Number of protein chains: 2
Amino acid sequence: MSLRVGLVGFGTVGQSVARLLLDGAERRLRLVKVCGRPGGRERAAWLPPSVAWTTRFDDLIVRDVDVVVELVGGLQPAWQWLHKALLSGKSVVTANKQLVAEHGPELLDVAARRGSLLRYDGAVAGGVPVIRGIEDGLAGDRLLSVTGILNGTCNYILTRIEQQRLPFADALREAQALGYAEADPAADLDGLDARAKLVILCQAAFGIRVRPSQVACESIASVAPADFDAAHARGCTIRQVSSAERVDGSPHEIAAFVRPALVPLDSPFARASGCQNVVSVRGEFSGETVFTGQGAGGNATAVAVVSDLLAVATARQRLAATARPIAVSATPRKRVS
Amino acid sequence: MSLRVGLVGFGTVGQSVARLLLDGAERRLRLVKVCGRPGGRERAAWLPPSVAWTTRFDDLIVRDVDVVVELVGGLQPAWQWLHKALLSGKSVVTANKQLVAEHGPELLDVAARRGSLLRYDGAVAGGVPVIRGIEDGLAGDRLLSVTGILNGTCNYILTRIEQQRLPFADALREAQALGYAEADPAADLDGLDARAKLVILCQAAFGIRVRPSQVACESIASVAPADFDAAHARGCTIRQVSSAERVDGSPHEIAAFVRPALVPLDSPFARASGCQNVVSVRGEFSGETVFTGQGAGGNATAVAVVSDLLAVATARQRLAATARPIAVSATPRKRVS
């Protein structure tokens, strides 16, 4: 009994997911339908005849699709689509960080009420299994802080300012020319991209609802070569740091920010290069645990998406074989009272 | 409906687990019975009256225990105990690396047949959630290699030889005086401890059965201060490295070893200090993912054990809810998978 996958969004990550599903190594997953953008890309020639092509999202909410994978990004129409998919009883896998940061708790609620699943490990840190690491692997601890390097574009630009003493504007232009920064780079530079990921990490680590608007952001655009001299003099460098920590004594209050900040030269944060992401989690009992890996790129994110699909397939198999349950991966984060 | 926990083994990790369970934050888990060694430690004064004390393992295989936690270590009698517990339908959580390396697949088989669960995330790298990271988070990838620093004792001794130019025997004596090495340090120095962990990682990463005896080990006892000079001249240092990788083209063949080896000074392996463990996983699609954290110590390992218990509790709740699928989850942020 394979899980029948309907995919919406056929950009870099979507195509990587399709290729991973079609290479046949994973028999528990079967790509049955792809929904492309109306007026957008044509059906890819390498898709086999067994995969249907559509440009209407509603064509995925049908009997022969078990799980919808959303890789379009942005709040609309993704929010309406996924709400509808979950309401209709489909499980959903998404890598849409904005959507999960803004509406994750509501969507999880719909999923729980309908007995379906919502997973989004690809929304944070690409292929690095940090959501699972926190929600499952560190479930037994009380987590105190989460700190990360979550945006590869900022990482690249800051590294170039540091190494080549480029003014910010030149480093940005270079990043754009190389495709590392978008034509409108505001979401990366101003910290909005990293903030969405931090919000998702907060909900995983602390079990509390955080709104993106509650997290203070400061742009890296004011960082100049001379700032690195001052940083180096203190044994540090400058990175865009995303950080959240429990405020002393309060189980319900955290302090969170995304901003350019000093990090010690010998810390894992200073060593993150290019699209590498780093997430450091401190727990009362487990001490510091650090996850490092490819935080962007179609293939790395596709691994997170396919891993989520396998978790859905496992849960479904288990449900089908209620007499013989086997290991389950996800546990809710412990509440501190 | 809380999960009733019976604990055998009341050393450092066992006591940490008991304290975590008794602090009351996690209502889904309830410590009901502890089995100490006959003639060993007395019942701890801080155990509340609600926790029964026994010195007979069979007292844990009773109706009012749902899951057995084994923290005794060693092959016997743990193997017989856990086999019996699983056969009787109890779920089992263990941090016993030797047992899981030698008999994990058979025990998993018994668990699957009996519809119970066997989890052992604490057996490798203490509190670092690397088994989950590999088995769940990177499930969608084809993994190519696993390389780790898995033994804190060797790490400490090699670091002291490097920094203080101590002869090996002096560094070992120092480690023993500080309690970082055991009176009989052979299992650590010769690589048998790291080998058991590597075998468990291999089974997680490659899905193939590996016998500990198939992995070549070389002791660190021959490493001398002069070896570090030669290593430094090449931009490297020396660490006890545990490594396994797929042999070209074969899905069923791996090359694996545990031995003192050169590692680049700027690699995460060189930076591991004290009881820090580092595991680097390379995947065909996800690239390199690195997990770093506390690889030893009662509290860190206890976090892995309690996280495993929560996974068992979640699976059990889900099973109980299958008759009423709409009620799978009551709280909004709970993940259902």
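The values are calculated or read from the model by the stated rules, or taken from the named source; none is laboratory data. This one's a predicted model, so the numbers in the text were calculated from it and none came from an experiment. Here the Cβ positions follow ideal geometry from the backbone for every residue, glycine too, while neighbour counts run over all protein chains shown.
When we screen B:94, B:55 for residues that are touching a strand residue (DSSP E or B) at 6+ places or on another chain (Cβ under 6 Å) and either free of Cβ contacts under 8 Å to residues at least 24 places away in the same chain or outside the structural domain of residue B:212 (by TED's automatic domain parsing) (or both), the only hit is B:94.
Tell me the residue from B:110, B:130 that is under 19 Å from residue B:209 (Cα atoms), surrounded by fewer than 24 Cβ atoms within 10 Å (Cβ to Cβ) and within 14 Å of chain A (Cβ to nearest Cβ), please. Show your work before the answer.
On the way: B:130 fails: surrounded by fewer than 24 Cβ atoms within 10 Å (Cβ to Cβ).
Answer to the selection: B:110.
If you go through region B:138-172 and pick out every residue that is free of Cβ contacts under 8 Å to residues at least 12 places away in the same chain and either in contact with a Phe, Trp or Tyr (Cβ under 8 Å, 6 or more places away or on another chain) or not acidic (Asp, Glu) (or both), you end up with 4.
The criterion of being surrounded by fewer than 22 Cβ atoms within 10 Å (Cβ to Cβ), farther than 30 Å from residue A:107 by Cβ and at pLDDT 95 or above does not hold for residue A:257.
Go through region A:288-303 and report how many residues are more than 7 Å from every other protein chain (Cβ to nearest Cβ) and under 25 Å from residue A:4 (Cβ atoms). So that I can check it myself, show each step before the final result.
Of region A:288-303, the ones more than 7 Å from every other protein chain (Cβ to nearest Cβ) are A:295-298, A:301.
Checking the rest, the ones that are also under 25 Å from residue A:4 (Cβ atoms) come to A:298, A:301.
Final tally of qualifying residues: 2.
List the strands (runs of 3 or more DSSP E) that sit entirely inside region A:34-137 and contain at least 2 residues that are in contact with a helix residue (DSSP H, G or I) (Cβ under 8 Å, 6 or more places away or on another chain) and of a type in the set (Ser, Thr, Tyr). Break it down into steps so the answer makes sense when it comes.
On the way: elements: A:52-54, A:67-70, A:91-94.
Because the criterion is at least 2 residues that are in contact with a helix residue (DSSP H, G or I) (Cβ under 8 Å, 6 or more places away or on another chain) and of a type in the set (Ser, Thr, Tyr), the strands (runs of 3 or more DSSP E) in region A:34-137 that meet it are A:91-94.
Tally up the residues in region A:243-287 that are free of Cβ contacts under 8 Å to residues at least 60 places away in the same chain, within 14 Å of chain B (Cβ to nearest Cβ) and part of a loop (DSSP other than H, G, I, E, B), please.
4
Return the residue satisfying two criteria in turn: it lies in region A:313-337 and is more than 7 Å from chain B (Cβ to nearest Cβ) and more than 20 Å from residue A:197 (Cα to Cα), and of such residues it is modelled with the lowest pLDDT. Among those residues, the one meeting the criterion is A:335.
Considering region B:282-316, the residues that are aliphatic (A, V, I, L, M), under 28 Å from residue A:20 (Cβ atoms) and touching a strand residue (DSSP E or B) at 6+ places or on another chain (Cβ under 7 Å) include one that is surrounded by the fewest Cβ atoms within 10 Å (Cβ to Cβ), namely B:290. For the criterion of being without any contact (Cβ under 8 Å) to a residue 24 or more places away in the chain and surrounded by 19 or more Cβ atoms within 10 Å (Cβ to Cβ), residue B:175 passes.
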